[in-house]
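This report refers to the structure that appears directly beneath it.
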Amino acid sequence: MISVRNAGTAVMAIALAGGLFGADNALTPQEKEQGWVLLFDGKSLNGWDSAVPQGGARQGGAPKPPSAPKPAASGSPQAAPAVGSNPRACTTAPAETQAGASRWEVVDGALTPCGETTGYLTSRESYADFVLSLDFRAGEDANSGVFVRAPEGTGGYEVQIWKTQPEGYNTGSIVGTARTEREFNFVANQWNRFEITADGDHLVVVLNGAKALDVRDAKFASGRIRLQYQRYPIQFRNIKLRAIKR
């Protein structure tokens, strides 16, 4: 029997998958009036960079893996690639990327990592106060997250996607900042939606229409958006942002 809460989540995911919120990777006239901007055009990596963050280590990602990597908790500064990540093969010709950077492709209108090297896709622009909306589709045990206000190096607020983070910062939590008070699970292998608000020190995370976290923290005032690839499968689309103006 499906609980009321899980049924609601499933309905929301089906609605997202069915495109009831408008065309994918496009803004509606109402969104344009409200000041939303599209950060991913659905066709290219324009505006994004997979280079290794400055400082050498990649928070939650991986430098060059050792000969016998072991699983590591998301958020660890020197985390190695997760064992058994089973990455998908890349289908496009390799572009010029920094050594140790992850590979990302656009597949059927979605940002999709590929190959062995884990890492990040980072926006080239920085943002301070905003509402960020994006869809993600992940496997049941996918290890991924969405960083906001991420500085040039490691850091920023990591909104967790991973369901079983070892320290309890599970789906909807902000790693190292606040855990959700109850379980908030995404629907595996279906499109789910995060809405992340960063307004001064006020941080709010909404998953598939349900508020998962509402906290205050002032460690990071501005920075880039960073999509994490640590254990496949994971995809992102419909990445939109509305600046909060004072």
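Could we say that A26 is at pLDDT below 50, in contact with a strand residue (DSSP E or B) (Cβ under 8 Å, 6 or more places away or on another chain), surrounded by 12 or more Cβ atoms within 10 Å (Cβ to Cβ) and not β-branched (V, I, T) here? Judged against the criteria, A26 is not a match. From the list G155, G75, G139, the lone residue that is within 18 Å of N189 (Cβ to Cβ), at pLDDT below 95 and either surrounded by 13 or more Cβ atoms within 10 Å (Cβ to Cβ) or among the acidic types (D, E) (or both) is G139.
Before we move on, is E195 in a strand (DSSP E or B) and either aliphatic (A, V, I, L, M) or within 25 Å of F40 (Cα to Cα) (or both)? Yes; evaluated as a whole, the condition is true for this residue.
Condition test on D135, is it in contact with a helix residue (DSSP H, G or I) (Cβ under 7 Å, 6 or more places away or on another chain) and within 21 Å of T171 (Cα to Cα)? Here the answer is yes, as D135 does meet what is asked. Residues of region 198-208 that are within 17 Å of the chain's Cα centre (by Cα) and either part of a strand (DSSP E or B) or surrounded by fewer than 21 Cβ atoms within 10 Å (Cβ to Cβ) (or both): A198, L203, V204, V205, V206, L207. Listed by first and then second residue, the pairs with beta-carbon distance under 9 Å, at least 6 apart or on different chains, first residue in region 25-50 and over 18 Å from R224 (Cβ atoms) and part of a strand (DSSP E or B), second modelled with pLDDT under 95 and of a type in the set (V, I, T), form an empty list. Of all the numbered requirements in (1) modelled with pLDDT under 95; (2) in a strand (DSSP E or B); (3) not aliphatic (A, V, I, L, M), K211 misses one, and that requirement is (1).
Check whether at least one residue in region 165-184 is crowded, with 18+ Cβ neighbours inside 10 Å, touching a helix residue (DSSP H, G or I) at 6+ places or on another chain (Cβ under 6 Å) and modelled with pLDDT of 95 or more, and report yes or no. Scanning region 165-184 turns up no residue that is crowded, with 18+ Cβ neighbours inside 10 Å, touching a helix residue (DSSP H, G or I) at 6+ places or on another chain (Cβ under 6 Å) and modelled with pLDDT of 95 or more. Restricting attention to region 146-174, the residues that are part of a loop (DSSP other than H, G, I, E, B) and touching a Phe, Trp or Tyr at 6+ places or on another chain (Cβ under 6 Å) total 3.
The values are calculated or read from the model by the stated rules, or taken from the named source; none is laboratory data. Keep in mind that what you see is a predicted model, and the values were worked out from it rather than measured. No Cβ is skipped: glycine too gets one built from the backbone with ideal geometry, and neighbour counts run over all protein chains shown.
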